[in-house]
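Okay, so here's the structure we're looking at.
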Amino acid sequence: MSKSHMLALFTDFDEASNAIRELKASNLEGFNIKDVTLKSPIEHPEIEELLGKRPVYVQFFTLFGAIFGGLGGFTFISSSQATFLLQPKGGKPVIPIPPDMVLTYELFILFGVYITVLGFFIGAKLPMKRHKLYNARVSEDQIGILIKADDTAMPAIKDLMTRHKALEIIGEGSK
Amino acid sequence: MINTFEERDVAVEKRFIHKEKDIREDIAWAQINKDVLKSLERPRMLFWVIFIASLALFMVGVSCEIYQYQTGMGVANLDNPHVWGLYIGTFIFWIGMSHSGTLLSAILHIMHADWRKPIYRFAEAMTTFSLMTAGLFVMVHLGRVWQFYYVVAYPNERWTWPNFQSPLVWDATAIFTYLTSSMIFLYIGMIPDLAICRDNATGFRKSFYTFLSLGWMGTDRQWANFRVTYLTVACFLIPLAVSVHSIVATDFAVSQQPGWHITSFPPYFVAGALYSGCAAIITLFIVLRYVFRFEEYMTMPILEKTAKLTFAIAMVWTYLNLVEYSSTWYGDDMYAKQALIYRATGDFAPYWWMMNFLGSVVPFTLAFKRIRNNIPAMLVISILLNVGMWLERWMIVSPTFANGIYPWTWDHDQWPSLVQWGIVAGSFGWFNMLFMLFCKIFPSVSMYEVKEMVYHRSLVRKGTEDATQINPELAVEGGIAS
Amino acid sequence: MSITNLLNNWSFYRNKRPYRGQYDLNKEYSEYKWAMALDLDICTGCNACTTACYAENNLPVVGKKRFHHGQVMHWIRIERYWDEKMVDFPEQGASFLPMMCQQCEAAPCETVCPVGATSHTNDGLNSQNYHRCIGSRYCSANCPYKVRYFNFWNYPSTAWPAPLPDQLNPDVTVRTKGIMEKCTFCVQRLNEAKSRARTEYRLVRDGEVVPACVQACPTSAITFGNIVDPNSKVAKMWKNQQVDLYKDLQEKDNTVRGYRILEDLRPFPSVMYMERIRDTEA
């Protein structure tokens, strides 16, 4: 069964969420709610919730980065201080704890931020090529629903979208 | 959809329903795009005046630095023991200025203060560029700038490392962390806007923005990851910003110089940093508002809120300043007390008193609503406040060398040479130049967040007027219609 | 740089200095601690020490203008104080204090150097590594005595016009612009004496080596030696004056006149001064 894409654009955000809600309840053959992608100009946590659980893993990257930065930072600093054999400074111990804590803290944040951002790029799949059904109006003021479904299910979905006052429906063939 | 913060907003709206709005809620989203993208095209003439003037000023600084590089630090008219001068003072000034970008973008983000949204982008750019300027001063200050990489912990065959005990190494690490993190934060927050630029640009600009926007499409997956990342990095940035200026304060607080060896320095520095940063935001707010015709977004209520914030921080700073004086005065450290008396009565007395006046008395003008709503007055006041804060940093660094612990230092009077002044002036040129270029190339008002602001505010308004039924008129006005 | 090294020697790396037993005649690499005793009652303020230091350590003569700017490079300076009121002749009230790097055991300058250009040597000196110095001048800012001098200009190119370079001491380098320098206790002499003694399987004898200022002092106001050796002259003087290297606040009776400058800041200096006996009562 061949699959194709369809993008429906909405101006009314409530209609868009109603459309998703109905789509979810419809149990159409050859269609899965996981294949719906919402494209919007602003954050819509409330509409995203309708799409079902789509977990974000960025926070685990953060945890790893912060722990790695902190522990690795302290180990690196103290062990490199220990290479200054018999070169104590200012009567302080060769490995002074309070100054090392300052640097450990900075490295904890440094790696925390870096690896969080790495996690963001991996999680959001950036950089990526734009989908061929991308429409510039999504970055302006319209909300887009990108649906991937079997060809057989397409007419029903299209019908549903039209019922919810979709401004425009762009199919894969029309491009 | 209505969480606790918005409910609170509802209550606030009900109470001050007659109040002037931060932003027009019926502004069309396409119009937001259009207005902001226009700033990338043709600014007012003043833009080019500022840009050319900044470039010229920067050239002055560069030539001073070339002269100093060739001849030696002696041309700065520093001496033994007066080894630190305007460079370090201005370094603190620029580091300090970077802090309010984080205040607006991270702290107010977490506190859900959405009035920050139209102005936080340029504040963040200010953070990045003032940190770059501060980094330059570290270089300019060094006697052998060509060996600056000795401070970096890089592996080498001699197994020598920087001295990790030194506050200057903490500084270098903290500034590097802060600079790169805030650049990343600025960039991540800008990706959706870069996608808007990409969709509207043509020619080489299109490929430029296409490259930078990384193929952002605004999908739910991207937004969900974006939200978590943005919040996480914001949470990292707040303690980072506090630690950066605390570390700059430890440059002084851990040393033995009288007038520096004070435990209240870190909070004092952080307060001073936020203070000068907020004042700088007001200055740039007024400039950008005029230059790029952002009257619709950088509105008077937002300016007023920023002014109130500045006033509050000014009072915190004043308090900490008085704490410093009184703890020195009533303390047991005779060297510090003598240094304080010297600052108030010695060679630097005029500047010291001016610093206290500009920093603690002038902000009281912000208590008046008429002044807060007067743009020329705000421009002058914000510049005066920053002059005061610059003087404060100079008064921290310089007088203590002329009145140290050891009597030999007491008969040294020292005045910065023209080279020092030239480089300080050049730094302002460098900062303005970068900042103006940024505002020309990148959207300096966050488009998607202004849309969010408009959207949520209209939802809140809808909630106040009719909680159950959708008011069709407002739904149209609320920016959903194109 | 390995974790095993870190774990094995952790307690050693956590040692604070100075601690009693840090210097020991019988322990290798810790048998020297160079120290000084300076009698202000004998000092006449003749500046011979300063001159000798200029000759020995290749110090540049900066000229009148730069001297006025405070960019002078005297590693040892004679300070004049006019604290005694003399009615007839104010000049009588002058007292002198030669001030050089105090080679502190817990030197404030060492901790703050970002690149580790200054650190402590085994023989208790505060060393300055010119090659490593990047000229942040933090050490000078944190030095309570202000005895560190910065090369504000490129002196090797201006201070010694030909044929003056011929008189430079070949044992000591000349310093370029942008780095910090200070009194080294004439470390070139100390190292030479130490290696000579080592080839002869002995320790440096007392009086075998002295810095240039000590050598030049016409009144022998300065005594120099290894304070670890209890029989050395300087160790005896410190003991007689009841000044203890390892203490930050001395307990002593008022019959003695030895003191260390700014001891309350706890830098543990290695130079003991002996107060001038003042004739104010007469």
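Going 7 Å from the Cα of residue B:354 in the Cα-to-Cβ direction, what parts of region B:67-107 have a backbone nitrogen less than 16 Å from that spot?
Only B:86, B:90 fall inside the zone, counting backbone N under 16 Å.
With bins 5 Å wide starting at 0, give me the P(r) of region B:370-423 over every alpha carbon pair, in whole percents.
P(r) over region B:370-423, rounded to whole percents: 4, 15, 14, 17, 14, 11, 9, 7, 5, 3, 1.
Which of rounded, prolate, oblate describes region C:26-274, given a ≥ b ≥ c as roots of the alpha-carbon gyration tensor eigenvalues and a/c under 1.5 marking rounded, otherwise prolate only if a/b is larger than b/c? Walk me through the intermediate numbers first.
Values: a/c = 1.44, a/b = 1.10, b/c = 1.31.
Since a/c stays below 1.5, the shape of region C:26-274 is classed as rounded.
Label residue B:344 and residue B:49 with points 7 Å out from Cα along Cα→Cβ: what is the distance between them in nm?
Taking the simple label geometry, residue B:344 and residue B:49 are separated by 4.3 nm.
Report, as an integer, the average count of C-beta atoms from other chains found within 10 Å of each Cβ along A:128-140.
On the way: counts 6, 2, 9, 3, 0, 1, 7, 2, 5, 3, 6, 17, 12.
Taking the mean over all residues of the peptide, I get 6.
What's the ranking of B:136-146, B:241-251, B:364-374, B:210-220 by average number of surrounding C-beta atoms within 10 Å, highest first? Could you put the intermediate results ahead of the total?
Numbers: B:136-146: 19.5, B:241-251: 24.7, B:364-374: 15.3, B:210-220: 21.1.
The most tightly packed comes first, giving B:241-251, B:210-220, B:136-146, B:364-374.
For region C:141-282, what D do you get in µm² per second when you plug the Kirkwood radius from alpha-carbon pairs into Stokes-Einstein at 25 °C and 0.890 mPa s?
Details: Rh = 18.4 Å.
D = 134 µm²/s.
With respect to the cross-link table entries A:125/B:462; A:53/B:34; C:27/C:239; C:33/C:177; A:92/C:182, which display a Cα-Cα separation exceeding 28 Å?
On the way: A:125/B:462 36 Å; A:53/B:34 35 Å; C:27/C:239 22 Å; C:33/C:177 31 Å; A:92/C:182 21 Å.
Checking Cα-Cα distances, A:125/B:462; A:53/B:34; C:33/C:177 exceed 28 Å.
For region A:58-123, treating each Cα as an identical point scatterer without solvent, what Debye log10 I(q)/I(0) comes out at q = 0.18, 0.20, 0.26, 0.27 1/Å?
The calculated log intensity ratios at q = 0.18, 0.20, 0.26, 0.27 Å⁻¹ are -0.65, -0.73, -0.98, -1.02.
Which of C:272, C:214, C:193 sits farthest toward the positive end of the charge dipole of region C:156-282, with +1 on the Cβ of Lys and Arg and -1 on the Cβ of Asp and Glu?
Selected residue: C:193.
Consider a paramagnetic label point 7 Å from the Cα of residue A:83 along Cα→Cβ; state which residues of region B:153-177 have an amide N under 17 Å from it.
Only B:153-165 fall inside the zone, counting backbone N under 17 Å.
Describe numerically, in nm with one decimal, the distance between label points set 7 Å from Cα along Cα→Cβ at residue B:323 and at residue B:369.
So the two model labels end up 3.3 nm from each other.
Starting from the Cα gyration tensor of the protein assembly as shown, multiply each eigenvalue by 5, take the square root, and state the resulting semi-axes largest first in whole Å.
Details: eigenvalues 853, 185, 111 Å².
Equivalent ellipsoid semi-axes, largest first: 65, 30, 24 Å.
Counting only other chains, what is the mean number of Cβ atoms within 10 angstrom of the Cβ of each residue in peptide B:176-186?
Details: counts 2, 11, 4, 0, 4, 7, 1, 0, 5, 2, 0.
Mean inter-chain Cβ contacts per residue within 10 Å come to 3.
So who's got an amide H within less than 5 Å of the one on residue A:39, skipping anything under 5 residues away but keeping other chains? H placed 1.01 Å off N, in plane.
So residue A:39 has HN proximity to A:144, A:145, A:146.
So what is the relative contact order of chain B, in percent, for Cα pairs below 8 Å that sit 6 or more residues apart? Let's see the in-between values first.
Numbers: 638 pairs, mean separation 156.7, N = 482.
After rounding, I find 33 percent.
Could you list, bin by bin from short to long, the percent of Cα-Cα pairs of region A:1-50 in 10 Å steps?
In whole percents, the pair-distance histogram is 21, 57, 20, 2.
Calculate the FRET efficiency for residue C:55 and residue B:316 from the Cβ-Cβ distance with a Förster distance of 56 Å, rounded to the nearest 0.05.
Numbers: r = 57 Å, r/R0 = 1.02.
Efficiency, from the Cβ-Cβ distance: 0.45.
Could you check the spin-label model distance between residue B:227 and residue C:127? Points 7 Å from the Cα along Cα→Cβ, value in nm.
Placing both labels 7 Å beyond Cα along the Cβ direction yields 6.0 nm.
What does the charge dipole of chain C about its Cα centre add up to, to the nearest 20 debye, if the Cβ of each Lys and Arg holds +1 and the Cβ of each Asp and Glu holds -1? Kindly include the intermediate steps, with their values, before the conclusion.
Numbers: 35 positive and 31 negative charges, 189 e Å.
In debye, rounded to 20, chain C gives about 900.
Within 10 Å of each Cβ in peptide C:7-14, how many partner chain Cβ atoms are there on average? Round it to a whole number, please.
The shielding value for this peptide is 4.
In region B:114-141, which residues have a backbone nitrogen under 13 Å from the label point lying 7 Å from residue B:308's Cα in the Cα-to-Cβ direction?
Once the point is set 7 Å along Cα→Cβ of residue B:308, B:114-116 turn out to lie under 13 Å by backbone N, inside region B:114-141.
Considering chain A as a Gaussian network with a 10 Å cut-off on Cα pairs, which listed residue, A:89, A:132, A:34, attains the greatest mean-square fluctuation?
A:89
Using θ = phi - 60° and the Karplus form 6.51 cos²θ - 1.76 cosθ + 1.60, what ³J(HN,Hα) does each residue of region B:265-277 get, whole Hz, x for Gly and Pro?
4, x, x, 4, 5, 5, 5, x, 5, 4, 4, 5, x
How large is ³J(HN,Hα), in whole Hz, for each residue of region B:399-409 in order, when computed from phi with the Karplus curve 6.51 cos²θ - 1.76 cosθ + 1.60 and θ = phi - 60°, using x for Gly and Pro?
x, 5, 6, 7, 8, x, 5, 8, x, 4, 7
So for chain C, taking the charge dipole from beta-carbon charges (+1 Lys/Arg, -1 Asp/Glu), which of C:3, C:245, C:97 sits furthest toward the positive end?
Farthest along the dipole direction, towards plus: C:3.
Taking chain B as the reference, fit the longest principal axis to its C-alpha atoms, fit the long axis of helix B:220-253 to the helix C-alpha atoms, and give the angle between the two in degrees, 0 to 90, nearest 10.
Approximately 20 degrees, to the nearest ten.
For the protein assembly as shown, what is the charge dipole size about the Cα centre, in debye to the nearest 20, if Lys and Arg each add +1 at the Cβ and Asp and Glu each add -1 at the Cβ? Present the calculation step by step, with values, prior to reporting the outcome.
Working: 89 positive and 86 negative charges, 273 e Å.
The calculation lands at about 1320 debye.
Have a look at C:169, C:53, C:34 and report the one farthest towards the positive end of the charge dipole of chain C, computed about the Cα centre with Cβ charges (Lys/Arg +1, Asp/Glu -1).
C:169
Kindly provide log₁₀ I(q)/I(0) values, in the same order as q = 0.09, 0.17 Å⁻¹, from the Debye equation applied to equal alpha-carbon scatterers of region C:1-148.
With no solvent term, the Cα-only Debye profile gives -0.43, -1.21.
Once you compute Rg and the Kirkwood Rh from C-alpha atoms, what is the Rg to Rh ratio for region B:19-457?
Working: Rg = 22.5 Å, Rh = 22.9 Å.
Ratio value, two decimals: 0.98.
Coordinate-derived values only; no laboratory data. These figures come from a predicted structure and were not determined experimentally. When we count neighbours, we look across all protein chains shown, and the Cβ atoms used for this are built from the backbone with ideal geometry, even at glycine.
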